[in-house]
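Below is one structure, written out as structure tokens; comments come after it.
The values are calculated or read from the model by the stated rules, or taken from the named source; none is laboratory data. Keep in mind that this is a model prediction, so the values were computed, not measured. When we count neighbours, we look across all protein chains shown, and the Cβ atoms used for this are built from the backbone with ideal geometry, even at glycine. Calculation scope for accessible area: heavy atoms of the full protein, side chains included, ligands and nucleic acids excluded. Shrake-Rupley method; radii C 1.70, N 1.55, O 1.52, S 1.80 Å.
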Amino acid sequence: MTLVGTGLSNDEIAGALHLSPLTAKTHVSRLLTKLGARDRAQLVVTAYETGLVVPGVG
């Protein structure tokens with residue numbers, strides 16, 4: 001969630017976590033479903049609202 005919140009693509013998330021791109025895509029898809037978000041933009045908003053991502057840090 002934090003990596004999505006910082007704007008990383010599925011491929012970038014896969015590289016950061018040493019996963020296959022398909023596995024990263026699956027995890028992002030499950031986040032969307034579990035949080036009831038309609039797109040990645042809503043995941044980014046949620047990451048900021050919950051404090052997982054702090055503006056200007058990183």
query = Any idea which of (1) touching a Pro at 6+ places or on another chain (Cβ under 6 Å); (2) in a loop (DSSP other than H, G, I, E, B); (3) not hydroxyl-bearing (S, T, Y) is the one V54 doesn't satisfy?
reply = (1)
remark   = For segment 1-23, the count of residues that are more than 9 Å from the chain's Cα centre (by Cα) and assigned to a helix (DSSP H, G or I) equals 9
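So, in segment 24-51, of the ones that are of a type in the set (K, R) and part of a helix (DSSP H, G or I), which residue ends up most open to solvent (accessible area, probe 1.4 Å)?
Of all residues in segment 24-51, those of a type in the set (K, R) come to 25, 30, 34, 38, 40.
From what's left, part of a helix (DSSP H, G or I): 25, 30, 34, 40.
Values: K25: 120, R30: 140, K34: 173, R40: 77 Å².
This residue is K34.
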query = Of these, G15, G5, which one is surrounded by 12 or more Cβ atoms within 10 Å (Cβ to Cβ) and in contact (Cβ under 8 Å) with a residue 12 or more places away in the chain?
reply = G5
query = Looking at segment 25-49, which of its residues are within 16 Å of G7 (Cβ to Cβ) and of a type in the set (V, I, T)?
reply = V28, V44, V45, T46
